[in-house]
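S.K.: The structure under discussion is supplied below as structure tokens; questions concerning it will follow.
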Amino acid sequence: MDTSEICAVLARHPALDDFAGQVSAFLDSHLPEPMTEETPRPPWLSLRKHAAEAGLTALDLGCVIAESGRGPIPGKPTEPAAVVPPGAERVAQGLAMFLAGRQDCDAREVFSSGHGAMALRYGGPAVARTVRERVVHGGELAGVASSEPHSGSDLRGLRTVAVDHGGHLVLYGTKGLVSRVEEAIGFVVFCKVVGSGRASLLRGDADLLREVPLSAVWVPMESAGISTETAAPLGLRGWSLGYLHFDDVRVPKDNLLGALGDGRRIFDAHFSGWRLMMALVCLGAATAAIEETVTRTRRRSVGRTALADVPSVASRLGAAAAEVQAATAWCFSLLERMERNPTAADVAACSAAKAFATDAAYRAVDIALQLHGSDGYTLCTPMEKRLRDIRGLRIADGPNDTLYSVLAHSLLAGPRQGRPLVAAQRQA
Ligand SMILES: Cc1cc2nc3c(=O)[nH]c(=O)nc-3n(C[C@H](O)[C@H](O)[C@H](O)COP(=O)(O)OP(=O)(O)OC[C@H]3O[C@@H](n4cnc5c(N)ncnc54)[C@H](O)[C@@H]3O)c2cc1C
């Protein structure tokens, strides 16, 4: 089934044929079968390092890395642009995420540029160089720390503060729950930067802090004053989840990403693409689930009838496949629009596409689990793991309810008469 949507993408981007083959060959050799909870967990970080050595990480950053003008690092592979033609980087990254998701949602970190993309796009030379060397070429990981225990969905309500002392910032607060607390070499931390004169006034005053614009800062994990705490998640257990505590952490002011107060812009631009990537991981998982269910329902009979020939079975499977294919097409169409106009991401559409895709993927895997009967409910098939993993991605990177509202708000704020609303707002 993936054939139709992925074939359609490859038909539009024939130059990505070789690249898709490279990614598939990498997965065949390192993750040949979809993971189950019983399969020994692969050494995910090592797999990411292998992918980096093969030039398969940070595919969507080819231009950014090339533009940095610092040239390749001796002894390291050539730039990703060597395998992905310019102008197709985001689509290539999306393909890699979809193919990774077919094997396991935790494979999402293997090829991804991850949140290091923000440091590369918006960081100063020293930050960009570290991230380029360690995350892109070295296969290490960068995380993002936005959510806080009292406020995940409400960005204005964040209370982590960086006090501006001129040449450096001093950071305090707690982030969580966030992914990769044990693996990441550094985090893009979203916080409120305040002058040292106002710091004591604002400390503990949540209402005043709401009015301070958001900034983003790169915080290396080796900085003194950071401690971590892990929590046990329902799914996505291949990577750690937990809290980051910042206890007066000193960070050079050069680690600010973009300008002071640029946090919201950076967040929206980055998460538009990132959410589509997470959506495609889940759609890959759902596509594999549907394919496995097609095979099983053909083989399995109830009485004298193959399960696949029971009309209600076929209809449920068809409905799930239709949703998954529609969501896949939507995500790739948004990625193609981003390729054409990288500076004007449609935040509302990307948000809603992530919500729709992860919801559709969850429904599809639930039907697939059902049609696998009691087998599907065991740890021996990938279904229950997929269900738990996708469940997490319906909350992570913005809860789906909130993301649908983003699209609704953009429609409601649009023109009331004249040109059709959707056409007016969503011109490519
Ligand atoms: C697996 C996983 C990985 C994560 N990784 C990271 C990470 O790496 N970095 C990071 O910063 N954060 C991460 N998060 C945190 C995630 O971004 C937040 O959980 C999410 O934004 C929701 O915030 P919250 O948990 O505080 O929920 P709340 O803000 O308390 O919301 C609870 C629920 O209320 C509903 N809701 C909230 N606001 C609205 C609204 N405006 N409209 C309608 N319904 C609403 C939603 O159903 C939501 O799920 C991760 C979460 C998970 C589950």
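The values are calculated or read from the model by the stated rules, or taken from the named source; none is laboratory data. In this text the structure is predicted, and so the values were computed from the model without any measurement. Here the Cβ positions follow ideal geometry from the backbone for every residue, glycine too, while neighbour counts run over all protein chains shown.
S.K.: Looking at region 96-128, which of its residues are outside any helix (DSSP H, G or I) and more than 16 Å from the ligand (Cβ to nearest atom)?
M.R.: Those that are outside any helix (DSSP H, G or I) and more than 16 Å from the ligand (Cβ to nearest atom): Gly123, Gly124.
S.K.: Another question about this same structure. Going through region 257-278 one residue at a time, which ones are farther than 20 Å from Val178 by Cβ and either touching a residue at least 24 places away in the same chain (Cβ under 8 Å) or buried (at least 21 other Cβ atoms within 10 Å of the Cβ) (or both)?
M.R.: Listed by number, the residues that qualify are Gly258, Leu260, Gly261, Asp262, Leu276.
S.K.: What are the residue pairs meeting all of these: first residue in region 383-401, first residue surrounded by 21 or more Cβ atoms within 10 Å (Cβ to Cβ), second residue among the acidic types (Asp, Glu), Cβ atoms under 6 Å, and 6 or more apart or on different chains?
M.R.: Short answer, once both residue conditions are applied: Lys385/Glu37.
S.K.: For Leu371, all conditions in the list (1) surrounded by fewer than 22 Cβ atoms within 10 Å (Cβ to Cβ); (2) away from the ligand (no atom under 16 Å from the Cβ) hold save one; what is the number of the exception?
M.R.: With respect to (1) surrounded by fewer than 22 Cβ atoms within 10 Å (Cβ to Cβ); (2) away from the ligand (no atom under 16 Å from the Cβ), Leu371 is out only on (1).
S.K.: Considering region 160-191 alone, what residues qualify as being surrounded by 19 or more Cβ atoms within 10 Å (Cβ to Cβ) and over 24 Å from the mean Cα position of the chain (by Cα)?
M.R.: Once the filter is applied, which keeps residues that are surrounded by 19 or more Cβ atoms within 10 Å (Cβ to Cβ) and over 24 Å from the mean Cα position of the chain (by Cα), region 160-191 yields Val161, Ala162, Val163, Asp164, Leu169, Leu171, Gly173.
S.K.: Here is a check on your reading of the model: is Trp218 within 16 Å of the ligand (Cβ to nearest atom), touching a residue at least 24 places away in the same chain (Cβ under 8 Å) and either assigned to a helix (DSSP H, G or I) or within 30 Å of Ala285 (Cα to Cα) (or both)?
M.R.: no
S.K.: Test Val181 against the criterion of being in a strand (DSSP E or B) and not assigned by TED's automatic domain parsing to the domain that holds Pro43, and give yes or no.
M.R.: no
S.K.: Collect the residues in region 377-406 that are part of a loop (DSSP other than H, G, I, E, B) and within 14 Å of the ligand (Cβ to nearest atom), keeping them in residue-number order.
M.R.: Arg394, Ile395, Ala396, Asp397, Gly398, Pro399
S.K.: Now for a different question. Tally time: how many residues in region 215-244 are of a type in the set (D, E, K, R) and surrounded by fewer than 16 Cβ atoms within 10 Å (Cβ to Cβ)?
M.R.: 2
S.K.: When you check Val161 against the structure, is it under 19 Å from Ile266 (Cα atoms) and either of a type in the set (A, V, I, L, M, F, W, C) or not assigned by TED's automatic domain parsing to the domain that holds Leu257 (or both), yes or no?
M.R.: yes
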